[in-house]
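Taking it in order: structure first as structure tokens, then the write-up.
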Amino acid sequence: EEYRRYLETRASEWERPAMVTARPVAGNARLGRETAEFLDRFVRSGRFSGDELDRIMDIRNRAVDQSRKRHPGLVNVKSGPGGLSDIDFIARTFSAHYGAKRSGGLCRETGGILAALASERLIDRGDARSLIEAYRFLSDAEFAVRIGTGRPVNTIPPEGVEAGRISRLLGSANASRLVKKV
């Protein structure tokens with residue numbers, strides 16, 4: 001009840017897109033269903049105002065700026081501009097803003113959310129296809145970066161053995177071409 005009151009009275013607008021993919025994973029089944037129901041109502045509680053969208057965008061822009069500061073001169077396939085987080089952000093914010101139904105049950109993955117938004121004509125189908133394709137490519141790139149470096153990182157090294165390994169894993173001739181493609 002306290003969490004429900006919090007969502008109804010004090011939650012920030014950015015929490016709606018953040019909760020689009022929330023789900024219970026353990027514990028009491030009845031409590032999990034009830035929580036999922038009121039979270040779903042919270043997420044889809046109405047369209048964002050222009051000011052709310054501005055504040056949500058400001059949060060994302062600050063995250064991108066932090067990524068750039070942490071990894072100057074490097075391409076971050078996850079949190080950098082145009083990365084996986086941006087596509088997640090687009091899908092979740094559109095879903096919360098338009099109150100999109102999640103076709104085929106509760107859709108939790110970004111590609112499914114984008115496909116549902118497109119099928120409901122809430123975003124352009126071509127844009128959805130492009131975003132889904134980019135998300136798949138960036139997911140592969142994130143995997144290749146982690147395999148190629150042997151570390152849990154999300155940045156593509158600009159040169160060296162690791163850069164070459166990552167490029168080969170993704171079928172690119174060299175690191176500079178890969179960075180350009182990303």
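The values are calculated or read from the model by the stated rules, or taken from the named source; none is laboratory data. Because the structure is predicted, anything quoted here is derived from the model rather than measured. Cβ atoms come from the backbone with ideal geometry, glycine included; neighbour counts cover every protein chain shown. Surface areas here come from the heavy atoms of the whole protein model, side chains and all, with no ligands, DNA or RNA. Shrake-Rupley method; radii C 1.70, N 1.55, O 1.52, S 1.80 Å.
See the values below:
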read-out	value
Rounded to 10°, Cα long-axis angle of helix 29-43 versus longest principal axis of the chain	80 degrees
Order by protection proxy (mean Cβ within 10 Å, highest first), peptides 47-58, 161-172, 83-94, 110-121	83-94, 110-121, 161-172, 47-58
Nonlocal Lys pairs with alpha-carbon distance under 21 Å, the chain (8 or more apart, or different chains)	4
Å² per residue, accessible surface of the chain at 1.4 Å	60 Å²
Ranked packing of 71-82, 33-44, most packed first, by mean Cβ within 10 Å	71-82, 33-44
Quotient of Cα Rg and 2.2 N^0.38 Å for the chain, N being how many residues it contains	1.17
Potential lengthening between S12 and S49 on full extension [0.36 nm per residue; Cα-Cα distance subtracted]	12.0 nm
Surface share of carbon and sulfur [accessible, 1.4 angstrom probe, percent] for the range 6-102	51 percent
